[in-house]
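So the structure is just underneath, and the comments pick up after that.
Derivation of every value follows stated rules applied to the coordinates shown; laboratory data play no part. The structure presented is a predicted model; accordingly, all values stated were derived computationally and were not measured. Ideal geometry is used to build each Cβ from the backbone, glycine not excepted, and the neighbour counts take in all protein chains shown.
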Amino acid sequence: MKILKFAAIGALLYLFSGSLQAQEIKTAGYRQPEVEVGVVEHLGDTIPLDLWFYNENSEQVTLRSLIDRPTIMSFVYFDCPNLCSPLMDGIAEVVSKMDMSLGTDYKIITISFNTSDTPEKAREKKVNFVQRISKENQKDWIYLTGTQENISAITAAAGYKYTPQGLDFAHPSVIMVVSPAGKITRYLYGLTYLPFDVKMAVIEAQKGIARPTANRILEYCFAYNPASKTYTLQVTRIVGIITIFFLVLIMIILLVRRRKK
């Protein structure tokens, strides 16, 4: 029995050390130097929800009125000759492949950082990228335009850095996920996204609302690795749990046998 006790203690220490290592991975690298073009991550910060914009229907709306569930946010400008169209196409593609429902589980907000963009142009641009989404859910991918003051406020809050270059802009390619309360919970980079990575980011952002049990299990077993910019399996944590389970099972069997004797 003493051996089992020591083994159980060892397994607990093993699990605890794995959790600490995972926590170190999660918290590493969040403080970044300022850049002219790129992203300075503001994980854990809350975006200013009272900022107002115009949606593609020319209606004045606030972010607070739109963000009532996990929300994927992106920044673009509609005449972009390079990254913006592939970025929005990447969002449309991952939405079509995810086993989560747009409008029910999450929303999408795309904000133009070009003050020359209008709701009419937003409406034209949106049509090009919602074709893969069912018509009843297309309303939950919202395109916004606004004033320089509000654009500067939201991009600054998100740590999104861009700069004018003639008639165009130099800017990064990234999506961010915010919670129903507007807290920034994840950044995902590039022009294409893995459905699993986006699903995990949405699950993380769901903490303010009820989550299915399966989502809780996924969140426990996988963690975001800032080094690889993807979600990785928490092998140490899972092995520790399995080890403890079998140790407890063996102890129960031994106790039952002792009572029978």
Length added when fully stretched, VAL256-ALA181, from 0.36 nm per residue minus Cα-Cα: 22.0 nm
Computed lengthening from LYS207 to ASP68, 0.36 nm per intervening residue step minus Cα-Cα distance: 48.8 nm
Provide the FRET efficiency to the nearest 0.05 for the ASN82-SER58 pair, computing r from the beta carbons and using R0 = 22 Å. 0.20
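Applying 1/(1 + (r/R0)^6) with R0 = 22 Å to the Cβ-Cβ distance of LEU167 and ARG132, what FRET efficiency is obtained, to the nearest 0.05? Intermediate values should be presented prior to the final figure.
Numbers: r = 30 Å, r/R0 = 1.37.
Between LEU167 and ARG132 the formula returns 0.15.
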Sequence-distant residues sharing a close amide H with VAL76 (under 5 Å, placed H): ILE111, SER112, PHE113
By average C-beta atoms within 10 angstrom, highest first, the peptides 59-67, 118-126: 118-126, 59-67
If I stretch the segment between GLU93 and GLU34 completely, what's the gain in nm (0.36 nm per residue apart, minus their alpha carbon distance), one decimal? 18.1 nm
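Computed over the Cα atoms of segment 31-212, what is the ratio Rg over Rh, Rh following Kirkwood?
0.92
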Give the calculated FRET efficiency between THR46 and ARG123 to the nearest 0.05, with a Förster radius of 41 Å applied to their Cβ-Cβ distance. 0.90
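Let me know the charge dipole size of segment 31-212 about its Cα centre in debye, to the nearest 20, where only the beta-carbon of Lys, Arg (+1) and Asp, Glu (-1) is charged.
Using Cβ point charges on Lys, Arg, Asp and Glu, segment 31-212 gives about 500 debye.
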Please state the charge dipole magnitude for segment 110-174, taken about the Cα centre, from unit charges on C-beta atoms (+1 on K and R, -1 on D and E), reported in debye and rounded to the nearest 20. 220 debye
Simple SL model, points at 7 angstrom along Cα→Cβ for SER116 and LEU194; separation in nm is 3.9 nm
